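Written below as structure tokens is the structure these notes are about.
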Amino acid sequence: MPLLSVNVDHVCTLRQARKGVEPSPLLAATLAELGGADGITVHLREDRRHIQDADVRALKHHVSTRLHLEMAATKEMVAFAIDIKPATAMLVPERRQELTTEGGLDAAGQIAWLSEVVKMLSGAGIPVSLFIDADRKQIDAAHKVGASICELHTGPWAHAVESQQGNLVGAHSDVALATLLTAARHTRELGLQLNAGHALNVINVGPVARLPQLHELHIGHSIVSRSIFVGMKEAVREMKTAMGEIHT
């Protein structure tokens, strides 16, 4: 079974609604780890809509597993990552207008700049992951710029399952899963570590978790949402159980 890294951004979405101190992302991270999380993920956005700089610094010292930092490929964020030294720097696209990440990074369209970003981060001893669509051109570009990890965008799969009222088998989901499988195989053929994430929940995670040689899943919103009702430890346990389930 692949590893599970839990994104705690949306704990801070609730906190920032009142600009207070509750709920605490540090406590959320601790409980997630107690529930079986293999890592903690945060996305420090340009507009600081949820996670703040001080949160990331505190989590770096607090997390007992590994802290992964999702970030835009900007000079500001590269400098911050080099200072923090997360377990992984995960380059993602970012637009202020979006509610959540809407698609993968266009690595093929910015080879020169991403090569420089990866060089700076790798030079500081930080492994670099690119969050990209399940597209051969983008996977080739991730390899070309020197990334060591590809995180495949699972949003199209998740949305296909949702369009089928949660059915994992159907015209839309079959195409989406086949696309992921082809991309996963190409990623591994190039010697890149295979990760995946976005819009995954306990209903749709099973087939993704069984992608060949998948190393790690990054899941946040559905776990944090579920934790409101059952607590963070139990929400993580439920996700890890779903990752290992065989659906027919």
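Okay, here's what the table says:
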| quantity | calculated |
| --- | --- |
| Residue 241 being among the hydroxyl-bearing types (Ser, Thr, Tyr) and over 26 Å from residue 26 (Cβ atoms) | no |
| Matching entry among 70, 22 (being surrounded by 14 or more Cβ atoms within 10 Å (Cβ to Cβ) and at negative phi) | 70 |
| The range 196-245, residues that are β-branched (Val, Ile, Thr) and farther than 19 Å from residue 165 by Cα | 219, 223, 224, 228, 230, 236, 241 |
| Which numbered condition residue 212 misses (of (1) part of a helix (DSSP H, G or I); (2) surrounded by fewer than 16 Cβ atoms within 10 Å (Cβ to Cβ)) | (1) |
| Candidates 230, 224, 175 - the one that is crowded, with 22+ Cβ neighbours inside 10 Å and out of contact with any Leu (no Cβ under 8 Å at 6 or more places or on another chain) | 224 |
| Residue 199 vs. criteria aliphatic (A, V, I, L, M), in contact with a Gly (Cβ under 6 Å, 6 or more places away or on another chain) and under 28 Å from residue 143 (Cβ atoms) | yes |
| Single condition residue 203 does not satisfy, out of (1) within 30 Å of residue 13 (Cα to Cα); (2) in a helix (DSSP H, G or I); (3) not acidic (Asp, Glu) | (2) |
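Readers should treat all values here as calculations from the given coordinates under stated rules, not as data from a laboratory. All values derive from a computational prediction rather than experimental measurement. Note: ideal-geometry Cβ built from the backbone for every residue, glycine included; neighbour counts use all protein chains shown.
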